[in-house]
Amino acid sequence: MLSKVRSSVLISTMMMSVGVSAQDYLPILQYHHVSKTTPASTSLTPAQFTEQMDYLKTAGFQVVDLKDALEKLKKHQSLPDKAVAITFDDAYRDIYLGGFPILKERGFPFTVFLNTKPIGRNHHFLTWQDIKEMEKSGGVFANHTINHPYMLRKEAGETNDQWSARMAHEVDTVETILNEQLGHSPKMLAYPYGESNDVIRALVKERGLMAFGQQSGVVSADSNFEDLPRFPASGRFAKLSTLKVKLASKPMPLLNEESGGDFATDKPVSIRLTFKPGNYRLKDLACYVSGQGKASLNWIEKNEVVVTAPSAFSVGRGRINCTMPDQSAKHYYWYSNVWIRPGADQGYVVEKVGKS
């Protein structure tokens, strides 16, 4: 059973020292393409991106450097009020052509997670010259592996040890390339497709990296820094009204969560959530399952609930998103968890990995 236990008393005590006006959490926006011609599901147009960035500016949001903000949160240090970070995944050149001019004009820092194999291959991908130019104007470039693999899939005939070594090579090589090309690495990784497990997260932790999945939510000192959430802000999430809700989100005040692991089966998934002591609007908690609608809520104790999907996930990735208004009703607490239901022929490493 996957269990993530938090020391709420210690964290609450430490956070009191930074003052009541401090923001102790960070929403992070995730993008891929800024273009009119790229796949709609992972894109927004330059006009839409301009609208979003203008909103950040006029609404008083403070766009912060991602690495610096994460380090502060880990140390229980405060961030600026209305802090937010901007990230991109993949090495597409439209980040440079469509996104960078908009960010540069507003002086916003940003982070790009690079899969390094396609860099400079053709006009669709970034070049190191592009990257170095962006770095001079607030760009930070981090690890997205060499080949953008499904990190939890073994190749045909591959042993567990060979798979683990291949994934280490995917991560380590990019760290070397960043240091060779740019002279440094921020030691951050975005998992391709957001997929990781205990083995991959341990590999990341051993290397001193912070890493991101593709579950939505807000980062705080309580977060798992080897599996951090971000909010997608492209495709069907590109509307400004949707973005405003995410920017007003807070981390769900959880003491513990138990999800049963990273993989789903032919049974409906469920997750047990235990809330920290406090005055919350628990009756207004609502959880939604991707493609299925509302999840059922079975309250075990006053501050403990089991959230269950209506039916089993199809093959692929599925998630449960939970939200709850705070007492002011101006913000939503937000929580998300992702499961993978493997296909029979996809080679997923679904069992605990030992020697083979």
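Details
- Scanning the range 330-347 for residues that are under 20 Å from V219 (Cα atoms) and either touching a Ser or Thr at 6+ places or on another chain (Cβ under 6 Å) or part of a loop (DSSP other than H, G, I, E, B) (or both) returns K330, H331, Y332, W334, S336, N337.
- Hits in the range 213-228 (condition: free of Cβ contacts under 8 Å to residues at least 60 places away in the same chain and touching a Gly at 6+ places or on another chain (Cβ under 8 Å)): D227
- Tally, over the range 93-115, of residues that are of a type in the set (K, R) and either surrounded by fewer than 17 Cβ atoms within 10 Å (Cβ to Cβ) or on the phi > 0 side of the Ramachandran plot (or both): 2
- Those residues of the range 317-345 which are open to solvent by less than 70 Å² (accessible area, probe 1.4 Å) and either within 15 Å of P268 (Cβ to Cβ) or among the hydrophobic types (A, V, I, L, M, F, W, C) (or both), in sequence order: G318, R319, I320, C322, M324, A329, W334, N337, V338, W339, I340, R341
- Enumerated strands (runs of 3 or more DSSP E) restricted to the range 22-119, each holding at least 2 residues that are of a type outside the set (S, T, Y), within 15 Å of A238 (Cβ to Cβ) and touching a residue at least 24 places away in the same chain (Cβ under 8 Å): 25-31, 83-89
- Residue list for the range 299-314, filter: of a type in the set (A, V, I, L, M, F, W, C) and surrounded by 13 or more Cβ atoms within 10 Å (Cβ to Cβ): V305, V306, V307, A309, A312, F313
- Selection of the range 256-289 for residues being of a type in the set (D, E, K, R), open to solvent by 20 Å² or more (accessible area, probe 1.4 Å) and within 17 Å of Y333 (Cα to Cα) yields R272, K276, R281, K283, D284.
- 1 or more residues touching a helix residue (DSSP H, G or I) at 6+ places or on another chain (Cβ under 8 Å): qualifying strands (runs of 3 or more DSSP E) within the range 162-278: 188-190, 210-212, 218-220, 254-258, 270-275
- Test for S296: is it over 28 Å from V84 (Cα atoms), surrounded by fewer than 15 Cβ atoms within 10 Å (Cβ to Cβ) and not charged (D, E, K, R): yes
- Of all residues in the range 187-222, those being closer than 17 Å to D90 by Cβ, open to solvent by 10 Å² or more (accessible area, probe 1.4 Å) and at pLDDT 95 or above number 2.
- Yes/no for N147 being surrounded by fewer than 19 Cβ atoms within 10 Å (Cβ to Cβ), out of contact with any His (no Cβ under 9 Å at 6 or more places or on another chain) and under 17 Å from D90 (Cβ atoms): yes
- Filtering the range 234-250 to residues that are touching a residue at least 40 places away in the same chain (Cβ under 8 Å) and open to solvent by 40 Å² or more (accessible area, probe 1.4 Å) leaves R236, K244, V245, K250.
- Number of the exception - F231 against (1) open to solvent by less than 50 Å² (accessible area, probe 1.4 Å); (2) among the hydrophobic types (A, V, I, L, M, F, W, C); (3) without any contact (Cβ under 8 Å) to a residue 12 or more places away in the chain: (3)
- Complete set of residues in the range 121-131 that are in a loop (DSSP other than H, G, I, E, B) and surrounded by 15 or more Cβ atoms within 10 Å (Cβ to Cβ): L126, T127
The values are calculated or read from the model by the stated rules, or taken from the named source; none is laboratory data. Keep in mind it's a predicted model, so treat the numbers as computed, not measured. Neighbour counts are summed over all protein chains in view; Cβ atoms, including those assigned to glycine, are modelled from backbone coordinates with ideal geometry. Ligands, DNA and RNA are stripped out before the accessible areas are found, and what is left, the full protein with its side chains, is counted by its heavy atoms. Shrake-Rupley method; radii C 1.70, N 1.55, O 1.52, S 1.80 Å.
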